[in-house]
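Contents: one structure, followed by commentary.
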Amino acid sequence: LDDARGRALALMTLARAHLARAQEPDAPSAAIKTVKEAVSISESLQDRTTEAEAQLLLGEAHVAKASATPFEKVLVEQIGLAVEATRRAEELFEAAGDRRSVAKALHCRAKALLRHTDEDEVLEGESVADQARELFHELGDNASEVSVLLTALAGRHATSGPESALMMARDALEDWQQEGGRPRDVALASVLAAGFQLELGELEDSLKLCADAFSLYDRSGARRGVASALEARAATLFAMQRHGEALNALEEMASVFERMGDKRSQGGALMLAAGILLSKLSEEVEADTQAEFEKKEPSVGISTEEVQKRSTDGIEFANRAAVCFEEAGAEEEQQAVADLIQSTYNKAIQIYCATNEPDRIYYTLSKDSPIEDTSKCIKEWKIPMPAFSKSEGGQQGDGFLHVFDPHPPATV
């Protein structure tokens, strides 16, 4: 019996390992197959404690598969199986008097139902989430109560939109304020509410909530919380067109992570700053260049000097982010920096080519006709690039970047 129970526990450990790699396509199915065997063993042993844990884990595996599938039929099927497993787990935990585990089973069932495509099932999910939150609250498990709130908020936002989600976040904020002694939870609810208000365009209110959250996190010594409040503040300031202040908030955010020794997150903050600078600059340059091309007044009026300064600042932020990612060994993030710089460079070239006539056009002549085939022409733009006139490798450049559309001719 001990060997059989040990095998069931080992299978559950293996299933958790599969769920830890849930982003891989085969992981949820592997977890389901493995934990089903654990359920079968525990049932044959009439080991209700192990069976309850296995049923809860089976519910989690079905939720993972529901989350990963693009097919509605599979989604609904997996949700149904998750509900079935978590109901059985809840019954067993209830019989054992394990209220905390009952709450966990309720939370897992809520996660499943909130992904359903049927509105009634989603409403049932919200009700189940409320039960889980109340039970965790009664048990004094604040962290789990907050986790259930996040699940419920995601579901509410997906089904009813930001206004309804904002109401839920504000209710939690007020409840925790009245309860007292939960500054970090109040701060989290404030950041969440600020995000929904940003989405609704209620920018001044969003900014105030960001300030409240920053103060609460700062006083309670929650440095990652401080960083999250600064990120929310930066997003709101950017929406208010207060770009300089937004960048200052992201600089401060990067400094928080630097003091923590978290190079990856520091690079992420600097990457956000680079993205803000370069994307906004690209939009403004495109607007003014298009206006000039159409012989209209520029809509922004950005000067060449300002373009150069902001592009330099943006690239500097990106390079600083790249250094942080390199020190953290974060290869994917390093590639993201390179992609950002390349996309900015490509966008600038596209803007130039869209608003300037080509300097040269190459035509393909048919062997059967002297008429030019305009459908197969190749256009060349010569974009002034002073840096390209420098000698490199013994060769002297001509001071231009040569751009061809659709591709360079075979012979020039």
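Details
- Residue separation of E283 and T69 scaled by 0.36 nm, minus their Cα-Cα distance, works out to 73.4 nm of gained length.
- Residues considered: V191, V102, V74. Largest GNM mean-square fluctuation over the chain, using C-alpha springs under 10 Å, is found at V74.
- Shown is the FRET efficiency for S303 and R219, computed with R0 = 51 Å from the Cβ-Cβ distance and rounded to the nearest 0.05: 0.70.
- Listed by chain and number, the aspartates and glutamates whose alpha-carbon sits under 15 Å from that of K379, ignoring those within fewer than 8 places in the same chain, are E357, D359, D405.
- MRE, 222 nm, helices only [DSSP H, n ≥ 4, -39500 (n - 2.57), over the chain, to nearest 500]: -26000 deg cm²/dmol
- Given (1) 1.02; (2) 1.11; (3) 0.98, the label whose value is Rg/Rh (Cα atoms, Kirkwood Rh) derived from this model: (2)
- Compared with the dominant principal axis of the Cα atoms in the chain, helix 331-355 is inclined by about 40°.
- Estimated at the nearest 10 Å², the accessible area of R87 is 110 Å² with a 1.4 Å probe.
- Largest GNM mean-square fluctuation among E51, E283, E297, using the chain with Cα springs under 10 Å: E297.
- Between D175 and I361, the modelled label-to-label distance comes to 6.8 nm, taking each label 7 Å out from Cα in the direction of the beta carbon.
- Estimated FRET transfer efficiency (E245, R48; beta-carbon r; R0 60 Å; 0.05): 0.55
- Exceeding the 18 Å Cα-Cα cut-off - candidates K33/K111; K280/K347; K280/K309; K33/K65; K65/K111: K33/K111
- Taking Cα atoms only, the orientation of helix 304-328 departs from the longest principal axis of the chain by about 40 degrees.
- Of T289, T236, T364, the one that fluctuates the most in a GNM where the chain has Cα springs shorter than 10 Å: T364
- 27 Å Cα-Cα threshold exceeded, pairs from K36/K73; K208/K263; K104/K263: K208/K263; K104/K263
- On Cα atoms only, tilt of 162-179 relative to the major axis of the chain in degrees: 50
- With R₀ fixed at 35 Å, the C-beta to C-beta distance from T117 to R21 puts the FRET efficiency at about 0.85.
- The stretch 166-241, dipole about Cα centre (Lys/Arg Cβ +1, Asp/Glu Cβ -1), debye to the nearest 20: 380
- Distance between modelled label sites at K36 and Q342, nm, 7 Å Cα→Cβ extension: 4.3
- Look at the alpha carbon pairs under 8 Å that are at least 6 residues apart: their mean separation over the length of the chain gives a relative contact order of 6 percent.
The values are calculated or read from the model by the stated rules, or taken from the named source; none is laboratory data. Note that this is a predicted model, so its numbers are computed, not measured. Cβ atoms come from the backbone with ideal geometry, glycine included; neighbour counts cover every protein chain shown. All accessible areas refer to the heavy atoms of the entire protein, side chains included, with ligands and DNA or RNA removed. Shrake-Rupley method; radii C 1.70, N 1.55, O 1.52, S 1.80 Å.
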